[in-house]
Amino acid sequence: MKLLSQLRTSTFQLALLYMVVFATSVFLLLAFIYWRTAGFMAAQTDETIEAEIAGLAEQYRSRGVNGLITIIRERVARDPNAKSIYLLTTDDFLKLAGNIDAWPKDSRSESGWINFTLDESVGWTGSTRLARARVFEVQGGLRLLVGRDVDELTNLKRVIEAAINWGMGITLALALLGGFLMSRSTTRRIEVINTTSRRIMNGHLSLRIPTRGTDDDFDQLAENLNQMLDRIVYLMEGIRHVSDSIAHDLRTPLTRLRNQLENTLITVNNEEAREHVGQAVAEADQLLATFNALLRIARLETRGNAADMKVVSLDELVTDACELYEALAEDKQQVFEQSLEQGVMIEGDRDLLFQMVSNLIDNAIKYTPEHGRIAVAVRREGSEAIFEVSDSGIGIPDDEKEHVFQRFYRVGKSRSLPGNGLGLSLVSAVAEIHQGRIVLSDTYPGKAAPGLTVTVRMPAFTGVHKRIKATPADPGHAGSEGKAGAEATEGASGSGLETAQ
């Protein structure tokens, strides 16, 4: 599997492309060398035959047919290895002189050149060999064949062809091996960048991409990415500090204002005035709920994975949450179904998990109409613990599902309902702390009211419990961590999941 992923990398594909270009270049070079070498040897053989023909023609002109026969016999006698091939015959192919006995079959050629085999068919007594010759007619109806044994030349061509084939094979193998090694080296460095990037995306913002100190392209890329991350973290911290400071600083005066309004509500006798003051108290409560939600999200994002994790029974935790919200569902005459598999254990912060579960259930009840259906499920699938809430409410359009985890984002259908758009942001922060992921899908795809199914997948407890020490509390938020459990229920019933549907 790892090898297949290696072969699919862009670096290996680039190396493969280079291999094809390089192999094509080598093939063209070797083909040119073969063409020039074989062509030169063939031309040299033809020139040798032409030279012998010229000599025989000179003898024929000076000494006639008898002199031609004599010189052919002399040359045959001087060449016991029969490198040169001679045959002089009459018009009816009767042999007069030469070192073969019969005229080669199918030897006619318009250019005068023929290629044939030296074997028994031409009266050859030695081993079968290849020959090349030129044929022409002598005055008086005689036929003359002059040629050369080209078996060694043919064997040499075969050796060259085999060398070219082996050379191409070795070239391709070495290019493929080199491409694989180069791709693996490059992929390793890219994988380091990808691994570090994934850990940064999972919340480890302090990590940076390592460099080798070679100042090559990858080091320059890593340095640029690290500088970009530093700048992003700086800007994020600035924005987070501003929003947290505003929420933290305004919460106290808002609390005082709310208390003063409540005291005023007690002393006012006028019904109309009491109604207006009551509305002001409700608005103050909504503002306080918003600021509390902002501070809770900030604390979650600040402490990240440094929470004090313990083994939690997810099914028991969800059972407690269902008992808390079942009465709300009954008030709206909703069908509240539970399918809770027992013994589903996870490692996490119980208060945070209860807050996440409560917010999701409260949201489903809030956005599901009367006589609707709510289904809560807990199960284990392989190494994952699944918490799922389904409803028959208004649902979320597909193009907005990826945005609902942003702070203060609200779906158009829910803008008329009370809320501050921080619910799913808080749920997302809790899921991220527990290395979970949230999946949003339609309960009834294709229907006018598709509903919403929220599935939270978290790693199930494997039996090896690791306690992670909590980081020191932020001095600016001292004393607020102890209120997380109390604020969980408040966030579920007060701020709720305003962005969920």
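The values are calculated or read from the model by the stated rules, or taken from the named source; none is laboratory data. These numbers were taken from a predicted model, which means no experiment stands behind them. As a convention, Cβ positions derive from the backbone with ideal geometry for all residues, glycine included, and neighbour counts pool all protein chains shown. We work out accessible area using only protein heavy atoms, side chains counted, and drop any ligands, DNA or RNA first. Shrake-Rupley method; radii C 1.70, N 1.55, O 1.52, S 1.80 Å.
Checking each residue in the range 178-203 for being within 30 Å of Val21 (Cβ to Cβ) and either of a type in the set (D, E, K, R) or open to solvent by 50 Å² or more (accessible area, probe 1.4 Å) (or both) picks out Phe180, Leu181, Met182, Arg184, Ser185, Arg188, Arg189, Ile190, Glu191, Val192, Asn194.
Scanning the range 123-151 for residues that are modelled with pLDDT under 80 and closer than 18 Å to Pro80 by Cβ turns up Gly123, Trp124, Thr125, Gly126, Ser127.
Just the residues that are free of Cβ contacts under 8 Å to residues at least 60 places away in the same chain and assigned to a strand (DSSP E or B), please, taken from the range 128-178. If you could, list the steps in order and put the result at the bottom.
Keep residues of the range 128-178 that are free of Cβ contacts under 8 Å to residues at least 60 places away in the same chain, which gives 128-131, 135, 137, 139, 141, 143, 151-152, 154-155, 158-159, 162-163, 165-166, 169-170, 173-174, 177.
Correct list: Arg129, Leu130, Ala131, Val135, Glu137, Arg143.
Looking at this structure, is Val318 at pLDDT 80 or above, surrounded by 18 or more Cβ atoms within 10 Å (Cβ to Cβ) and either touching a strand residue (DSSP E or B) at 6+ places or on another chain (Cβ under 7 Å) or closer than 16 Å to Phe354 by Cβ (or both)?
Details: at pLDDT 80 or above: yes; surrounded by 18 or more Cβ atoms within 10 Å (Cβ to Cβ): yes; either touching a strand residue (DSSP E or B) at 6+ places or on another chain (Cβ under 7 Å) or closer than 16 Å to Phe354 by Cβ (or both): yes.
Yes; evaluated as a whole, the condition is true for this residue.
Being open to solvent by 40 Å² or more (accessible area, probe 1.4 Å), modelled with pLDDT of 85 or more and of a type outside the set (Lys, Arg): is that true of Glu384 here? So Glu384 passes the test. Among residues of the range 241-267 being surrounded by fewer than 16 Cβ atoms within 10 Å (Cβ to Cβ) and of a type in the set (D, E, K, R), the one that is modelled with the lowest pLDDT is Asp249.
In this structure, is Arg231 of a type outside the set (Ser, Thr, Tyr), modelled with pLDDT under 80 and either in contact with a strand residue (DSSP E or B) (Cβ under 7 Å, 6 or more places away or on another chain) or open to solvent by 80 Å² or more (accessible area, probe 1.4 Å) (or both)? Talk me through it step by step, then tell me what you get.
On the way: of a type outside the set (Ser, Thr, Tyr): yes; modelled with pLDDT under 80: no; either in contact with a strand residue (DSSP E or B) (Cβ under 7 Å, 6 or more places away or on another chain) or open to solvent by 80 Å² or more (accessible area, probe 1.4 Å) (or both): yes.
Considered against the rule, which asks whether it is of a type outside the set (Ser, Thr, Tyr), modelled with pLDDT under 80 and either in contact with a strand residue (DSSP E or B) (Cβ under 7 Å, 6 or more places away or on another chain) or open to solvent by 80 Å² or more (accessible area, probe 1.4 Å) (or both), Arg231 comes out as no.
Has the range 154-177 got at least one residue that is under 22 Å from the mean Cα position of the chain (by Cα), under 30 Å from Ala429 (Cα atoms), surrounded by fewer than 16 Cβ atoms within 10 Å (Cβ to Cβ) and not β-branched (Val, Ile, Thr)? No, that holds for no residue.
Looking across the range 319-347, the residues that are in a helix (DSSP H, G or I) and hydrophobic (A, V, I, L, M, F, W, C) come down to Ala321, Cys322, Leu324, Ala327, Leu328, Ala329.
Among the residues of the range 84-95, is there at least one that is assigned to a strand (DSSP E or B), touching a residue at least 24 places away in the same chain (Cβ under 8 Å) and open to solvent by 30 Å² or more (accessible area, probe 1.4 Å)? Outline the logic, then answer.
Going residue by residue through the range 84-95, those that are assigned to a strand (DSSP E or B) are 84-89, 95.
If we keep only those that are touching a residue at least 24 places away in the same chain (Cβ under 8 Å) as well, we get 84-89.
Within this subset, residues satisfying the condition of being open to solvent by 30 Å² or more (accessible area, probe 1.4 Å) are none.
No.
Scan the range 77-96 for residues that are closer than 19 Å to Phe116 by Cβ and touching a Ser or Thr at 6+ places or on another chain (Cβ under 8 Å) and the total you get is 1.
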